[in-house]
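To start, the structure itself, in structure tokens.
Bear in mind these aren't lab numbers, they're just calculated from the coordinates by the rules spelled out. Quick caveat, the model's predicted, so the values are computed rather than measured. Note that each Cβ is placed from the backbone with ideal geometry, even for glycine, and that neighbours are counted across all protein chains shown.
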């Protein structure tokens with residue numbers, strides 16, 4: 001009987017702790033760097049966009065670079081498809097959308113790559 005009481009108390013404590021501290025929900029958003037093929041050092045660096053998000057009151061959990069995954073003709077002066085990717089609280093997704101950031105899931109072929 002004591003074992004059952006102990007188990008119920010332990011389960012109750014674990015459940016209460018899980019309800020008090022739910023895991024934070026995040027989402028990945030992106031914005032094109034705006035860089036062009038054959039034009040080195042063009043586009044907006046990730047840190048500049050991070051500051052844009054943070055100044056708008058959106059905490060940034062992580063930063064990555066990526067590509068949109070689209071097939072492109074190699075031609076100087078055309079977009080290169082490089083993205084800046086940010087992990088933010090899911091509750092701030094609509095706010096980020098007003099700043100022209102989009103949910104990464106809208107680009108099914110996008111992938112993260114090493115930042116230059």
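Out of all the residues in region 62-79, which are over 17 Å from residue 48 (Cβ atoms) and touching a strand residue (DSSP E or B) at 6+ places or on another chain (Cβ under 8 Å)? It would help to see each step written out before you state the result.
Pass one, region 62-79, residues over 17 Å from residue 48 (Cβ atoms): 67-79.
Across region 62-79, the qualifying residues are 67, 68, 69, 72, 76, 77, 78, 79.
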When region 99-112 is checked residue by residue, the ones that are closer than 14 Å to residue 66 by Cα, in contact with a helix residue (DSSP H, G or I) (Cβ under 7 Å, 6 or more places away or on another chain) and in a loop (DSSP other than H, G, I, E, B) are 110
